[in-house]
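Notes for the one structure printed next.
The values are calculated or read from the model by the stated rules, or taken from the named source; none is laboratory data. None of these values were measured; they are calculated from a predicted model. In this analysis, Cβ positions are derived from the backbone assuming ideal geometry, glycine residues included, and neighbour counts consider all displayed protein chains. For accessibility, only protein heavy atoms count, side chains too; no ligands or nucleic acids. Shrake-Rupley method; radii C 1.70, N 1.55, O 1.52, S 1.80 Å.
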Amino acid sequence: EHNCKLLVVGGGSGGCSLSAKFARNFQKGEIIIVEPSDVHYYQPMFTLIGGGIKKLEDSRKNMRDVLPNKANWIKESVVEFNPQKNAVTISNGDTIKYDFMLVAVGLQLRYEAVPGLVEALNIPNSGVCSNYSPNHVNKTYEALQKFESGNAVFTFPNTPVKCPGAPQKVVYISEHFFRKTGKRNKANVTYNTSLGVIFGVKKYADALWKVVKERNINVNLRTNLIEVQPEKKLAIFENLDKPGEKTIVEYSMLHVAPPMGAPDVLKKCTDLVNEAGFVNVNKDTLQHVKFSNVFAIGDCSSSPNSKTAASVAAQCNIVYKNMKAVMAGQNLTEIYNGYASCPLVTGYGSCIMAEFDYDLNPLETFPISQDKEMWVMYMMKKDFMPTLYWKLMLNGYWNGPSTVRSLMHLGLRK
Ligand code: FAD
Ligand code: UQ1
């Protein structure tokens, strides 16, 4: 049995950053972080690791070294939420009681939901790979190097996802890799997405359609991976608009963005979550709709923004200020506009920096139109963002680029 003023569940991007903010003003022992993992990954780097641009080690730090020292880290997972009693149960059987709770458990990868996929990923040199997991991301660059000829197929699942751009960034990097290595004329590059659009924001979708047309990449919308047969190297897709209609593709390389969803532990606690299993918060304040002492941040929250680390950064200050207001018995003042950003890497040395809000309207930081493929944005993604993440964000000093945006636009635009 443990007691604390603030319980933070999950020490990923959101849980770590917000704990760091609170730790500055809290006494030792007032914050408990429950986080089962020994390592903290900077997941946005996985795209670059898959392309051979960074190493897996570059994306990894010890959890001990990123969580704030002043917080009490319990290396277990929460197995049951009990918000009526302001308590959770953890994997060693202990109970933790809290005054306030931040839920930051991210979302769960569901590779097992596609029959044959786990088996395929575990066969060496099967050509099947996935940037989404640290266990599989190195297989992407291996598959690119081993590729000789045939179909290179890339997927986007029929579920909510984190970083909705990531399933196609790997398409562009791969296509460029094939050109660089003289294999492009032997490769048939196809992106099969469950979505009905190439990207949710029209401005960037228009730019991306140009990219795929120029580079002869096939795009099939509303096409969902339902099975992999690794022994025959077959991928089976369903047409989401015509139930029962299937296509079978023989692949040389298959990159899978797996089905994802809310973690099981959340789904079990129906008071805490919406129908899809995400923590049911007010989309403006990020406060729980029923339990005023509970907030959520990041991928596990019901707020309908694109699930990215950039959104987590923007949410940090909103949640921090609103939680402090609740703790002080004051009214909530901060409103989240749904800011999300997706650096759409389009090859080795180019990137379209998408930034947008809840309404899927562009909300760009720089005073130039960001629907262009730019080298400087690529360098930002590759070299600047990791430093920003490790040094500033995880220490509670990065709230997203809204201040930079105001300065860049000289106060002329929002
Ligand atoms: P996470 O950072 O995933 O952290 C969740 C934490 O909760 C984990 O540490 C986990 O161990 C812990 N946890 C889980 N269950 C429990 C439990 N029961 N009890 C206690 N702890 C638990 N974002 C961008 O902004 N830009 C990008 O370019 C970008 N590219 C991406 C590319 C890829 C391939 C991937 C996978 C992600 C990318 N993202 C990108 C998304 C970004 O990584 C996530 O949106 C962000 O990490 C979400 O933070 P979070 O705190 O909600 O979840
Ligand atoms: C961002 O703030 C952020 O959080 C650290 C990211 O995560 C990796 C991003 O990818 C991006 C693009 C941003 C937005 C920042 C700027 C300066 C556009």
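Net charge near Pro386: determine it from the other residues with C-beta under 10 Å of the C-beta of Pro386, scoring Lys and Arg +1 and Asp and Glu -1. Walk me through the intermediate numbers first.
Values: positive: Lys54, Lys381, Lys382, Lys391; negative: Asp58, Asp383.
Residues near Pro386 contribute +2 overall.
Below 8 Å between Cα atoms, with a sequence gap of 6+, how large is the relative contact order for the stretch 121-201 in percent?
Numbers: 77 pairs, mean separation 24.5, N = 81.
Result for the stretch 121-201 is 30 percent.
For the stretch 1-147, what does the accessible surface come to per residue with a 1.4 Å probe? Please give it in Å².
Working: 6010 Å² over 147 residues.
The answer is 41 Å² per residue.
Do the sum for the chain: with -39,500 (n - 2.57) for every DSSP H run of n ≥ 4, divided by all residues, what is the mean residue ellipticity at 222 nm, to the nearest 500 deg cm²/dmol? Don't jump to the answer; show the numbers that get you there.
Values: 11 runs with 98 residues, N = 414.
Computed ellipticity for the chain at 222 nm equals -6500 deg cm²/dmol.
Give me the distance in nm between label points sitting 7 Å out from Cα along the Cα-to-Cβ direction at Lys75 and Lys267, one decimal.
Output for this residue pair reads 2.9 nm.
Just to be sure I understand: with springs between alpha-carbon atoms less than 10 Å apart, which residue in Val153, Val114, Val170 has the highest mean-square fluctuation in the Gaussian network model of the chain?
Val114
Hey, with R₀ at 30 Å, roughly what FRET efficiency would Met379 and Asn122 work out to, going by the Cβ-Cβ distance, to 0.05? If you can, show how the numbers build up before the last one.
On the way: r = 36 Å, r/R0 = 1.19.
Computed FRET efficiency for Met379 and Asn122 comes out at 0.25.
Could you tell me what percent of the DSSP beta bridges with both partners in the chain are antiparallel, to the nearest 5? Before the final figure, lay out the partial values.
Details: 35 of 69 bridges.
Taking every DSSP beta bridge with both residues in the chain, the antiparallel ones total about 50 percent.
Kindly work out what percent of the DSSP beta bridges joining two residues of the stretch 1-146 are antiparallel, to the nearest 5.
Values: 10 of 24 bridges.
About 40 percent, rounded to the nearest 5.
With +1 on the Cβ of every Lys and Arg and -1 on the Cβ of every Asp and Glu, and nothing else charged, how large is the dipole of the stretch 283-360 about its Cα centre, in debye rounded to the nearest 20?
On the way: 5 positive and 6 negative charges, 59 e Å.
Roughly 280 debye for the stretch 283-360.
Take the Cβ-Cβ distance between Asn92 and Asn185 as r, set R0 to 45 Å, and report the resulting FRET efficiency rounded to the nearest 0.05. It would help to have the intermediate numbers written out before the result.
Values: r = 57 Å, r/R0 = 1.28.
Working from the Cβ atoms, E equals 0.20.
Quick one: of Lys283/Lys307; Lys5/Lys61; Lys169/Lys246, which pairs are farther than 24 Å apart, Cα to Cα? Working shown, then result.
Working: Lys283/Lys307 13 Å; Lys5/Lys61 27 Å; Lys169/Lys246 26 Å.
Among Lys283/Lys307; Lys5/Lys61; Lys169/Lys246, the Cα-Cα distance tops 24 Å for Lys5/Lys61; Lys169/Lys246.
Taking the alpha-carbon centroid of each part, what is the distance from the stretch 246-310 to the stretch 97-126 in angstrom?
Value for the Cα centre distance between the two parts: 12 Å.
If you build a Gaussian network model of the chain, linking Cα atoms that sit under 10 Å apart, which residue out of Thr155, Thr403, Thr95 swings the most?
Thr403
Taking the dipole about the Cα centre of the chain, with the C-beta of Lys and Arg at +1 and of Asp and Glu at -1, give me whichever of Ser341, Asn158, Ser301 is farthest to the positive side.
Projecting each Cα onto the dipole axis, the largest value belongs to Ser341.
Please give the helix 166-180 orientation as an angle from the longest Cα principal axis of the chain, in degrees from 0 to 90, rounded to the nearest 10.
That works out to roughly 40 degrees.
Output the relative contact order of the chain, whole-number percent, from Cα pairs under 8 angstrom with separation of 6+ residues.
17 percent
So what J values fall out for the stretch 5-16 if you push phi through Karplus, 6.51 cos²θ - 1.76 cosθ + 1.60 with θ = phi - 60°, rounded to Hz, Gly and Pro as x?
Ordered by residue, 3J(HN,Hα) equals 7, 10, 9, 10, 9, x, x, x, 3, x, x, 5 Hz.
Would you mind telling me the share, in percent, of accessible area of the stretch 222-365 contributed by carbon and sulfur at probe 1.4 angstrom?
On the way: 2500 of 5420 Å².
Here carbon and sulfur together make up 46 percent of the probe-accessible area.
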